[in-house]
Amino acid sequence: MLRRKAKGPKGLRIREARKPHPAQQHSSHRSPTPAGPVVAAPVARSRRRARGDAHVPPELILKPEVKAAMLPRDRATPHEVVLVTGFEPFDGEKTNPSWEICRQLGSEIAGMRVETCRVPCEFRRAIEVVAAAIERVHPTFVLCLGQAGGRQRLGVERVAINVDDARIPDNAGAQPIDEFIAANGPPAYFASLPVKAMAIAMRAAGVPTEVSNSAGTFVCNHLMYGVLHYLEASGHRARAGFIHVPFSEEQVVDKPHTPSMAMATMVKGVRGAIVAAHEHRHDIKAAEGALD
């Protein structure tokens, strides 16, 4: 027989309190359980399987950079990266020491992973190739190398200027004369690597080195300016610089009285430069200027 629910004020129905079950009444008179550790009941794992055809809203899909930021610190890349670039041969040469140095640097210097990039000796395309490498390896700093036939020492370049003035065509036949590298760019960029600390370390390793105040107006200067401009415009925190190297000994066999340097010596100098750039976030104060 159904019982009618009593009506409360304003027509609300009041449900009668249910009497406790006898078992519950009995349990309510038990003595309290002694205090002790509380053990949580095991949580059953979901048996639901991911559906391959399930639609995921775009706003719920994590981008790769967001996923990387969520990883624990100890799962980050264990090594910093230095990107070292060298050019292909140009102007009739069969080799280019800047790229040969890259091939002989090894895979690690000063705890940093070494990544290398072979650069075409072409205006504009040289910058594009190195920019793509920067996006691929995310280096701590970039060190570009280039051949300067006729020099007697390795030259750590201090500055790149915003002009192309090619005495000879590049490998694609382009020969810009008095043209801006970046129409809206600054007149020049200073290297963001510690050029003086690098030069001093290279000489300490027994390698003839100088701080150079002119990277020329060919593809080497074009690349140095372009890389620094790209890093500035894109917001990358990587530092960058440029080193010019002389002819290698094999290149001057048929060039009497032309300066050259042994490949092993140049490799040692560049390795010393990388170590110094890694150790010195800011440059040291030392006289490295020129009178001419």
Requested in this report: Could you size up the charge dipole of region 150-287 around its Cα centre, putting +1 on the beta carbon of Lys and Arg and -1 on that of Asp and Glu, and report it in debye to the nearest 20?
Outcome: 680 debye
Report summary line: Counting only residues 5 or more apart in sequence or on a different chain, those whose built amide H sits under 5 Å from that of Phe242 are Cys144, Glu157
Report summary line: With a ≥ b ≥ c from the Cα gyration tensor eigenvalues, square-rooted, and the rule rounded for a/c under 1.5, otherwise prolate when a/b > b/c and oblate otherwise, region 82-213 is rounded
Report task. Just add up the charged neighbours of His79: K/R +1, D/E -1, any other residue whose Cβ is under 10 Å from the Cβ of His79. Result -> -1
Report task. Assign one of three labels to region 102-154, namely rounded, prolate or oblate, based on the Cα gyration tensor with a ≥ b ≥ c the square roots of its eigenvalues; rounded applies when a/c is under 1.5, prolate when it is not and a/b is larger than b/c, and oblate otherwise. Result -> oblate
Report task. Report, by chain and number, residues whose modeled amide H sits under 5 Å from the one on Arg151, excluding near sequence neighbours (fewer than 5 apart, same chain). Result -> Phe247
Query raised in the report: Where the Cα atoms of region 175-237 are projected onto their three principal axes, how long is each span, largest first, in whole Å?
Result: 40, 30, 15
Requested in this report: Could you calculate the contour length gain from Glu250 to Glu128, that is, 0.36 nm times the residue separation minus the distance between their Cα atoms, to one decimal place in nm?
Outcome: 40.9 nm
Report task. Just subtract the alpha-carbon distance of Arg118 and Ile177 from 0.36 nm times their residue separation and send over the number in nm, one decimal. Result -> 18.7 nm
Query raised in the report: So what are the ³J(HN,Hα) numbers for region 259-270, from phi and the Karplus equation (6.51, -1.76, 1.60; θ = phi - 60°), rounded to whole Hz, Gly and Pro as x?
Result: x, 8, 8, 5, 4, 4, 5, 5, 4, 4, x, 5
Query raised in the report: How many nm separate the modelled label positions at Thr258 and Asp165, each set 7 Å beyond the Cα in the direction of the Cβ?
Result: 2.4 nm
Report task. Just check region 75-119 against the gyration tensor rule for me: Cα atoms, a ≥ b ≥ c as the square roots of the eigenvalues, rounded for a/c under 1.5, and otherwise prolate or oblate depending on whether a/b exceeds b/c. Result -> prolate
Query raised in the report: So which trypsin sites (Lys or Arg not before Pro) in region 104-190 are both in a DSSP loop and have at most 13 other Cβ atoms within 10 Å of their Cβ?
Result: Arg167
Requested in this report: Mind checking the full-extension length gain between Glu232 and His138? Use 0.36 nm per residue of separation minus the Cα-Cα distance, one decimal, nm.
Outcome: 32.4 nm
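None of the figures in this text is laboratory data; all of them are computed from the coordinates on show. Worth saying up front: this structure is predicted, and the values here are computed from it rather than measured. Neighbour counts run over all protein chains shown; Cβ positions are idealised from the backbone, glycine included.
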